[in-house]
1. Restricting the first residue to segment 226-255 and requiring it to be charged (D, E, K, R), which pairs with a second residue that is near the ligand (Cβ under 10 Å from one of its atoms) meet a Cβ separation below 6 Å and a spacing of at least six or different chains?
2. Just to confirm my filter: which strands (runs of 3 or more DSSP E) fall fully inside segment 1-51 and include at least 2 residues that are without any contact (Cβ under 8 Å) to a residue 60 or more places away in the chain?
3. If Tyr251 satisfies all but one of (1) within 16 Å of the ligand (Cβ to nearest atom); (2) outside any strand (DSSP E or B); (3) aromatic (Phe, Trp, Tyr), what's the number of the condition it fails?
4. Among the listed residues Glu206, Glu292, which satisfies the condition of being in contact (Cβ under 8 Å) with a residue 60 or more places away in the chain, under 27 Å from Thr133 (Cβ atoms) and touching a strand residue (DSSP E or B) at 6+ places or on another chain (Cβ under 8 Å)?
5. Might you let me know whether segment 83-104 holds any residue that is of a type outside the set (Asp, Glu), buried (at least 22 other Cβ atoms within 10 Å of the Cβ) and touching a Ser or Thr at 6+ places or on another chain (Cβ under 9 Å)?
6. Could you please find all residues in segment 108-164 being among the basic types (Lys, Arg) and away from the ligand (no atom under 16 Å from the Cβ)?
7. Out of segment 149-168, which residues are touching a helix residue (DSSP H, G or I) at 6+ places or on another chain (Cβ under 9 Å) and at negative phi?
8. Please work out which residue is nearest to the ligand (Cβ to nearest atom), limiting yourself to segment 190-199 and to residues that are buried (at least 20 other Cβ atoms within 10 Å of the Cβ) and under 18 Å from Gly295 (Cβ atoms).
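Read the figures in this text as sums done on the coordinates, not as results from a lab. Owing to the predicted nature of the structure, the values given are computational and were not obtained by experimental measurement. With ideal geometry, Cβ positions are generated from the backbone for all residues, glycine too; neighbour counts draw on all protein chains shown.
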Amino acid sequence: MIRYRKLGYVALNVTDVARSTAFYRDVVGLAQVGEAGGAQCLRCDFDHHNIMLFGGPRPGLKRIGFEMASRRDFDALFDLLCAKGLRVAEVPAAESAQVHQGASFRLTEPFTGATFEFYESMREFGGQPYVPTVAKIQRLGHVVLRTPDYADAVAFFTDVLNFQVSDSIEGAVTFMRCFPNPFHHSFGLGNGKARGLHHVNFMVTEVDDIGRAIWRFNGAKVPIVNGPGRHPPSGSMFLYFLDPDGMTLEYSFGMEEFPEVAPRKPRVLEPIRESFDYWGAPTDPRKAAVGEIEGAEAGAASRAGA
Ligand SMILES: [Fe+2]
């Protein structure tokens, strides 16, 4: 059974790297690490990077990195995906060393078209914890993508990658754990007309991080596009806001954790507004409106040959 350690990092394409680096550092509260592998790296954990910002004309997702539980799991996943004829590419050792990672490979996931990177390890940044500034960020929490191939994508993540479903809102979104990571979801899939990035989440330490963010964002003219509210599936209090390119980010406070053995069964919630938010916060149409998945159409088209 394939085992993961955690969602490790998200690489984003941004139109102005300097502007976005300042935003993720000063407004979101990540620590800037510096340039590596052609990207500006920032972190909110022990890792060298949890966010990578690449310059590009179209804002969106470049790739998502998951850290494997062990070298054995890394090798087993690589062999499994190759045996299924999927598009898998080893990252050259020089390239993974440049970004302070151990052995790494990338998969073009056939139903979202997104690039997923699986890596054996990542260097810690000087062995020092990240020091919070404007928000007590605990970790990179999760990423949600949307795809018209929703049911197939959910089946791929559960049946092939061994992600576990925690809950779903029927026909709309499925929340998954990267087994055996305990958090309710490290990854989510939404049912959408087009492939795209829905949002990137950072988990914060206390309710005050949410409250302070509201006023910090108001002062900095950062659009809040949904929240504060509370998600019924995970129990998380949420606040969604936009980065300088209009991509949607989320702070969340509190999340259900699952035991590895004998977890509760997944729930299916009715596809009604109340299933998304106990509090009834209005949603700005700009929420999740920006963020293309790099190479999505070509990546999704590849499944015909997979
Ligand atoms: Fe979220």
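1. Here the result reads Asp243/Leu249; Glu250/His199; Glu250/Asn201; Glu250/Phe238; Glu250/Tyr240, each pair linking segment 226-255 to a residue that is near the ligand (Cβ under 10 Å from one of its atoms).
2. In segment 1-51, the matching strands (runs of 3 or more DSSP E) lie at 31-36, 39-43.
3. (2)
4. Of the residues listed, the single one that is in contact (Cβ under 8 Å) with a residue 60 or more places away in the chain, under 27 Å from Thr133 (Cβ atoms) and touching a strand residue (DSSP E or B) at 6+ places or on another chain (Cβ under 8 Å) is Glu206.
5. yes
6. Restricting attention to segment 108-164, the residues satisfying the condition of being among the basic types (Lys, Arg) are 123, 136, 139, 146.
Across segment 108-164, the qualifying residues are Arg123, Lys136.
7. Asp149, Asp152, Val160, Leu161, Phe163, Gln164, Val165, Ser168
8. His198
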